[in-house]
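Let me begin by presenting the structure, written as structure tokens, before commenting on it.
The numbers here are math on the coordinates, done by the rules we state, and not lab data. It should be emphasised that the depicted structure is a prediction, and the values quoted were computed from it without experimental measurement. Here the Cβ is made from the backbone with ideal geometry for all residues, glycine too, and neighbour counts use every protein chain on show.
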Amino acid sequence: MMSLDLALAVTFAVTLISGVPVAFSLALTSLVFLLIMGSVPLHLIPQRIFTGMDSFPVMAVPFFILAGDLMNAAGITEKIVRFASVLVGHIRGGLAHVNVVASMFFAGVSGSAVADAAALGSILIPAMEEDGYDKTFAASVTAAAAVIGPIIPPSIPVVIYALSGSISIGGLFLAGVLPGVLIGLGLMMVSYVLARRHNYGHKHPLATLKEFWDSLTGAIVPLFMPLIIMGGILGGIFTPTEASCVAVAYAIVIGLFVLKTIKLRDLPAIVYRSMLITSTILMVMGCANIFSWILGTQQIPQAVGAALTSFTKNPYVFLLLVNLFLLVVGCFLEGIAAIVLITPILIPVAQALGISQLHFGMVVIMNLMIGLITPPLGLCLFVACSVAKVDFTQLIRASYPFLLVEIVALFIVTYLPFFTLFIPNLFGFR
Amino acid sequence: MQTQSHALRSLDKGLRYLDKIMFWAIFILAAIMFLMVFLQVIMRYSFITDPFSFSEELARYLMVWIVCIGSAGAYSQGMHIGVNLFTGLLPAAGQIWVARLVHMAVGGLMGVIIFEGGRLSYFLANQFSPAMEIKMTWPYLAVPVGAFLILIQAAALLIKGFAGAEKPLNPQENKGRCSP
């Protein structure tokens, strides 16, 4: 038994370190395990890949990705940026605040941090440079603000967590609203201090009422989307998957007929790209499904659970351990894979300690999303770095203050369940 | 030398042709998947109740096909997420060799999935899906077909690599100086 577990760990580490894509690294590890064990037929691999993806709720993932991509192609990013700059552009370090606020609005349209960083970065990083900001600073703000994307609903990691932990997608969506705003406020505070110290940016006058009205009418189209999604789910009009599909329909109508910014012949390329991104996410889910079957047969979840509960029965200490553990995990493992592999292990322990499922879920997701701006596998850093064309090591250094404030926000949310539970409780989620 | 570059050109031509097929296949499957779910929502609030009992099931199977084909497209473009911090520390020649080993390992894995997945699909011919009552062979076939397409892409990257047209494993992370 011991040697099997060792083979499992070694294969996983070796394939991951040598750069095998996470999905196939999970499948290869499972293959090696099954070959050594010998008693389980190998058709378990294709079978578990299939059953890992064959689910109607999972379909929210391709639709949310597609809706976000369509909205971006329709040019709503500029409208969001304009609205955000009317709101906060006059504050010291204006464009940095615009970046954060636009990220929060964009979070309501797209469910993925990487998409946020790419869309907003391509507009705001050049604009910030022109306005007298350090380019590396601009890239670090963009990467840090994109972390809010999957915390404020809709969110792909939330969908996947809710499915693998069998809790309500709508409830967990709502649990992310206040933590997302809290991170946003924290990032704005840091930006303010840094902008003052380095004298970044020019002074911008407060927007006039007319400018406010014009930008608001422009931004109504994208701001309406989260209302459709959340209103539809909470009002019981449709399931999360159907809501994501309606969001796609809304984006198509907006792009093709209202704003007329998407041409019919652009559609196949947008759909194709979104589906390739979907494939990379769902293939991780499918392959992790083989892996989690193996973890189950080895009774690893029970072993970890027993070890954890023998170490501490105090929920506060447990949450601290979870935070420290997941911050490290988030550095090395991509978020989706981490969610699918780790949640089945941690959720029963959290439940036994009496921690609210919604609260625990949001804490886990915040942890793993902070991993988007921690090296070595900080996907938002990669995106911001290639958009801004800055030095990666300097970008990592420039991100530290933002990383710190996000970790502080994580601990505030962890120990004050008010932030996660207040809004869901209003809507009757426990 | 002449024959080698000729072979490479026809390989490229074949791959472009395959890309085009995958592109349109994914677009059409995704369009049907979208229409199925969208009509399901619309119809629920109209007078016709339960018009397509099969819409949800069809959409699900289409999604599996999209993901399996799409994984191959994503593989050829280096879109799958992996860790390249450690390989990035190696000298250039080492990186190329590790990339080759990775393609070989993925290719081997796909070989197993093609064989086992093909056998599984074959044995599922006597099981039928609950709503559409089609043979379960068809949805399950997506997995070995997708594995076959990934195998082609991995082999093509390997061949191109040995012919000297080496590509980094994860280009999205290597743009500029963005890999650590």
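In table form, for the structure just shown:
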item	result
Computed [θ] at 222 nm, helices only, for chain A once each DSSP H run of length n ≥ 4 contributes -39500 (n - 2.57)	-25000 deg cm²/dmol
Over chain A, volume per residue of the alpha carbon convex hull, in Å³	142
Residue order, fewest to most beta carbons within 10 Å, for B:ARG44, A:ARG197	A:ARG197, B:ARG44
FRET efficiency for A:THR261 and B:LEU35, using Cβ-Cβ distance with R0 set to 22 Å, rounded to 0.05	0.45
Cβ-Cβ FRET estimate between A:LEU320 and A:ASN199, R0 fixed at 25 Å, reported to 0.05	0.05
Debye log10 I(q)/I(0) at q = 0.13, 0.16, 0.17, 0.19 Å⁻¹ for chain B, Cα point scatterers	-0.81, -1.04, -1.11, -1.26
Residues A:MET283, B:MET22, sorted so that the one with the fewest Cβ neighbours within 10 Å comes first	B:MET22, A:MET283
The stretch A:1-143 - percent relative contact order, Cα under 8 Å, separation 6 or more	16
FRET efficiency estimate (nearest 0.05) - Cβ-Cβ, A:THR51 to B:ALA125, R0 30 angstrom	0.95
Cysteines in chain A lacking a second Cys C-beta under 4.7 Å	A:CYS245, A:CYS287, A:CYS331, A:CYS380
Pairwise label distance in nanometres, A:THR312 with A:LEU416, each label 7 Å out on the Cα-Cβ vector	2.1
³J(HN,Hα) computed for each position of the stretch A:381-391 - Karplus, 6.51 cos²θ - 1.76 cosθ + 1.60, integer Hz, glycine/proline x	5, 4, 5, 4, 5, 6, 6, 7, 6, 10, 6
Exposure proxy order (Cβ contacts within 10 Å, fewest to most) of B:TRP138, B:TRP24	B:TRP24, B:TRP138
Shielding score for B:133-143, defined as the mean number of other chain Cβ atoms within 10 Å	2
Mean Kyte hydropathy of 1.0 or more with a Cα span along the axis of at least 20 Å, helices from DSSP in chain B	B:92-123, B:137-162
The stretch A:259-328 shape via C-alpha gyration tensor axes, a/c threshold 1.5	oblate
Spatially close lysines, pair count over the protein assembly as shown: Cα under 29 Å, gap of eight or more or interchain	28
Between the stretch A:382-398 and the stretch A:171-191, the alpha-carbon center distance in angstrom	24
Centre separation in Å (Cα based) which lies between the stretch A:263-293 and the stretch A:67-91	26
